[in-house]
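The values are calculated or read from the model by the stated rules, or taken from the named source; none is laboratory data. Everything quoted here is computed from the prediction, not taken from an experiment. In this analysis, Cβ positions are derived from the backbone assuming ideal geometry, glycine residues included, and neighbour counts consider all displayed protein chains. Protein only, heavy atoms only, side chains kept; ligands, DNA and RNA dropped before computing areas. Shrake-Rupley method; radii C 1.70, N 1.55, O 1.52, S 1.80 Å.
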Amino acid sequence: MERTLSIIKPDGTSRGLIGEVISRFEKNGIKIAGMKMIHLSKDDAKAFYAVHKERPFFDSLTDFMSSGPIVALILEGENVINRNREIMGATNFTEAVPGTIRRCFATDIEKNVVHGSDSPESAEFEIGYFFQ
Ligand code: CMP
């Protein structure tokens, strides 16, 4: 049994995609083990995405992530880190497999509706960031 962090980003919450995203997890047999709606400050977003601080998109990304409420979810299940990444699709929605969340709903590489931890180490950090 494994856990991972998912975030429904501000574009997902503002466009009414919370239920759609959660139902995709549940229909795939993934358990929602924690859930919180939060409005991050710019500093919160910078701390969460610190791994990307040298990237050219860091300022824009942290502006976007603090622009409205997000939903942080703990997902639980077997091999759930990889399964969540498959359900989300590639970061760049134009490269995502048809039927994935990002391919269906993302509008650009930044506004890609969902985030998911990419490794056991990042899952541990990211779950701990939102759920103490
Ligand atoms: P996420 O999986 O949350 O991880 C980092 C985020 O940065 C990514 O999704 C996108 O929302 C955003 N981003 C913006 N531009 C890029 C880019 N060129 N490459 C990767 N991620 C980007």
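What's the number of the condition residue 25 fails, among (1) farther than 25 Å from residue 78 by Cα; (2) touching a residue at least 40 places away in the same chain (Cβ under 8 Å)? (1) is the only condition that residue 25 fails. Which residues, taken from segment 72-109, are of a type in the set (D, E, K, R) and either within 21 Å of residue 39 (Cα to Cα) or within 16 Å of the ligand (Cβ to nearest atom) (or both)? Within segment 72-109, 83, 85, 86, 95, 102, 103, 108 meet the criteria.
Have a look at 78, 2 and point out the one that is open to solvent by 40 Å² or more (accessible area, probe 1.4 Å) and farther than 18 Å from residue 130 by Cα.
Details: 2 fails: farther than 18 Å from residue 130 by Cα.
Exactly one residue qualifies, and that residue is 78.
Can you tell me which residue is nearest to the ligand (Cβ to nearest atom) among those in segment 110-129 that are among the small types (Gly, Ala, Ser) and surrounded by 20 or more Cβ atoms within 10 Å (Cβ to Cβ)? Step by step, filter segment 110-129, then rank; the result is 116. Per the conditions (1) in contact (Cβ under 8 Å) with a residue 40 or more places away in the chain; (2) of a type in the set (Asp, Glu); (3) under 20 Å from residue 20 (Cα atoms); (4) assigned to a helix (DSSP H, G or I), the sole criterion not satisfied by residue 76 is (4).
Listed by first and then second residue, the pairs linking a residue in segment 103-122 that is within 17 Å of residue 86 (Cβ to Cβ) to a residue that is open to solvent by 70 Å² or more (accessible area, probe 1.4 Å) and more than 10 Å from the ligand (Cβ to nearest atom), with Cβ atoms under 7 Å apart and 6 or more places separating them unless they lie on different chains, are 103/97.
Out of all the residues in segment 21-69, which are under 24 Å from residue 82 (Cβ atoms), assigned to a loop (DSSP other than H, G, I, E, B) and open to solvent by 90 Å² or more (accessible area, probe 1.4 Å)? Selection gives 55 alone.
Does residue 2 meet the test of being among the charged types (D, E, K, R), under 19 Å from residue 111 (Cα atoms) and away from the ligand (no atom under 13 Å from the Cβ)?
Here the answer is no, as residue 2 does not meet what is asked.
So, in segment 35-71, exactly how many residues are within 12 Å of the ligand (Cβ to nearest atom) and under 14 Å from the mean Cα position of the chain (by Cα)? So the answer is 8.
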